[in-house]
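The values are calculated or read from the model by the stated rules, or taken from the named source; none is laboratory data. This one's a predicted model, so the numbers in the text were calculated from it and none came from an experiment. Note: ideal-geometry Cβ built from the backbone for every residue, glycine included; neighbour counts use all protein chains shown. All accessible areas refer to the heavy atoms of the entire protein, side chains included, with ligands and DNA or RNA removed. Shrake-Rupley method; radii C 1.70, N 1.55, O 1.52, S 1.80 Å.
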Amino acid sequence: MSAVGRLLTEDQLLCSICLDVFTDPVSTPCGHNFCKACITQHLSKDVPFQCPLCQKMFFPKPELQVNMLITEIVDVWRRSAGAGRPEQRAADPGNLQCDSCSETKRKALVFCVLLTFVCVVLSQTRQELPLKQENLQGVIEDIQQKMEEVKRSLQLSKEDACAFKPLKESVVAVLNELAEKQRTSEMELEQKFAETMKREIPKLLMRVELMRAQRYAVDVTLDPETAYSELILSDDGKQVRCCDSRRRVYDSPKRFTYSVYVLGIQSFFSGKFYFEVQVKEKTEWTLGVAKESVNRKGDVTLRPQNGYWTICLRNRSDYRALASPPVRLSLLSPPEKVGVFVDYEEGLVFFYDVDAAALIYSFTGCTFTERLHPFFDPSHNDNNENFAPLIIIPANPIE
């Protein structure tokens, strides 16, 4: 018996959980099939889904789809095997106890099952691999024609049973060819699945990481006593932009006098904290954290050695981490909201593209010995090209 022929035995149509013939069979992403009622109990648990057969883990839990192919095969198998109530089996002409005549009709029904299987799978294969099997339509039509011939042969006498031999050979040949094509198809699908997982799992982990950082969100407001004289702060202390003309402000010891910088009022000496800033429609900006004792009265170079851990945008598309030396950043898309996360004890400063749930840059191995303040630089107005403000926004957890 061929490999495909064995697929139609009762043992191959059993659910590995209840050990009975499939009822409403559904498929897992790893390719195994179970009764819908049997596998549902595994999905109801508040843990990542694990296939009962191969033990593969899936997170998030998959949406199991009804396997129409297995459903049709089981349905035809039940009819060909005479499954059902005793009175139904007695009335089935395929189960008449008439020596070789009954055997002939039983074989004919089995061939119908084989042919149905071939047609269904070939139809699916044609949809999945249209470029590799351009002539599948002709093969399917040929098989459908042979299936009709088998159905008509149910009326033949037992002497004509030999007519099934060439048909059987034809079916087996097609099935063997199909089995090879299916193996190739499965390998391609498995490779695509692996590539997808390789690409998507890091994204998922980064999204989880950002969600954890957002738990430490703090309320940040701008400190007007530190703001450079050309900066305009909103009344609620949540927005800052540059007007390109100096305003009359008193000279506070806290104020930046040569650079368009402003600090947050809040400071942090331990633990973790996180805040988000909208940078949409700006052509230049700088964000991050600064230690409390930074030089505010002279020309400042933003780098960790001087007490600044920041990233910036220059000339609309030039993103950099202001490390020593600065690091040019390659971003897939311009961020509109930037999240800043600090772990004081671990010496970490992370910057996130909030909408994309992607890490922009991370400073690691930092040594913090004094209070840290959120740091903002909206940059110059640039003839209204960079007029949009930096806006401190609530950190709404990503979905």
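Here is how the numbers come out for the structure above:
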{"read-out": "From ASN315, ASN295, residue being without any contact (Cβ under 8 Å) to a residue 40 or more places away in the chain, at positive phi, out of contact with any Leu (no Cβ under 9 Å at 6 or more places or on another chain) and surrounded by fewer than 14 Cβ atoms within 10 Å (Cβ to Cβ)", "value": "ASN315"}
{"read-out": "Pairs, first touching a residue at least 40 places away in the same chain (Cβ under 8 Å) in segment 331-343, second in a loop (DSSP other than H, G, I, E, B) and open to solvent by 60 Å² or more (accessible area, probe 1.4 Å), C-beta under 8 Å, six or more apart", "value": "PRO335/ASP355; GLU336/LYS280; GLU336/ASP355; LYS337/LYS280; LYS337/ASP355; PHE341/TYR216"}
{"read-out": "Per-region count, segment 331-346, residues more than 19 Å from GLN278 (Cα to Cα) and in contact with a strand residue (DSSP E or B) (Cβ under 8 Å, 6 or more places away or on another chain)", "value": "2"}
{"read-out": "Answer from PHE164, PHE193 - the residue that is at pLDDT below 70, open to solvent by less than 60 Å² (accessible area, probe 1.4 Å) and not basic (Lys, Arg)", "value": "PHE164"}
{"read-out": "The lone exception for THR301 - which of (1) without any contact (Cβ under 8 Å) to a residue 12 or more places away in the chain; (2) closer than 21 Å to VAL260 by Cβ; (3) under 33 Å from the mean Cα position of the chain (by Cα) it fails", "value": "(3)"}
{"read-out": "Failed condition for PHE387, given (1) out of contact with any Pro (no Cβ under 7 Å at 6 or more places or on another chain); (2) part of a strand (DSSP E or B); (3) surrounded by 14 or more Cβ atoms within 10 Å (Cβ to Cβ)", "value": "(2)"}
{"read-out": "Restricting segment 358-384 to residues that are among the β-branched types (Val, Ile, Thr) and assigned to a loop (DSSP other than H, G, I, E, B), the residue that is farthest from PHE341 (Cα to Cα)", "value": "THR369"}
{"read-out": "Top-ranked residue in segment 347-384 [being out of contact with any strand residue (DSSP E or B) (no Cβ under 7 Å at 6 or more places or on another chain) and more than 23 Å from LEU210 (Cα to Cα); ranked as surrounded by the most Cβ atoms within 10 Å (Cβ to Cβ)]", "value": "ASP382"}
{"read-out": "Close pairs from segment 24-37: first more than 14 Å from MET57 (Cβ to Cβ) and open to solvent by 10 Å² or more (accessible area, probe 1.4 Å), partner of a type in the set (Val, Ile, Thr) and not in a strand (DSSP E or B), Cβ under 8 Å, at least 6 apart", "value": "ASP24/THR71; SER27/ILE70; ASN33/ILE70; LYS36/THR23; ALA37/THR23"}
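One line per residue, one yes/no per condition, for (1) at pLDDT below 95; (2) closer than 21 Å to GLU281 by Cα; (3) surrounded by 21 or more Cβ atoms within 10 Å (Cβ to Cβ):
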{"position": "LEU222", "(1), (2), (3)": "no, yes, yes"}
{"position": "SER229", "(1), (2), (3)": "yes, no, no"}
{"position": "LYS238", "(1), (2), (3)": "no, yes, no"}
{"position": "CYS243", "(1), (2), (3)": "yes, yes, no"}
{"position": "ARG247", "(1), (2), (3)": "yes, no, no"}
{"position": "TYR250", "(1), (2), (3)": "yes, no, no"}
{"position": "LYS254", "(1), (2), (3)": "yes, no, no"}
{"position": "TYR258", "(1), (2), (3)": "yes, no, no"}
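Okay, residues lined up against (1) of a type in the set (Ser, Thr, Tyr); (2) under 28 Å from ASP251 (Cβ atoms); (3) at pLDDT 95 or above:
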| position | (1), (2), (3) |
| --- | --- |
| GLY307 | no, yes, yes |
| CYS312 | no, yes, yes |
| ASN315 | no, no, no |
| ALA321 | no, no, yes |
| SER333 | yes, no, no |
| TYR344 | yes, no, yes |
| ASP355 | no, no, no |
| ALA358 | no, no, no |
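Table: residues versus (1) in contact with a His (Cβ under 8 Å, 6 or more places away or on another chain); (2) acidic (Asp, Glu); (3) within 22 Å of TYR261 (Cβ to Cβ).
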| position | (1), (2), (3) |
| --- | --- |
| PRO325 | no, no, yes |
| PRO334 | no, no, no |
| GLY339 | no, no, yes |
| VAL342 | no, no, yes |
| GLU345 | no, yes, no |
| ASP355 | no, yes, no |
| LEU359 | no, no, no |
| ASP377 | no, yes, yes |
| ASP382 | no, yes, yes |
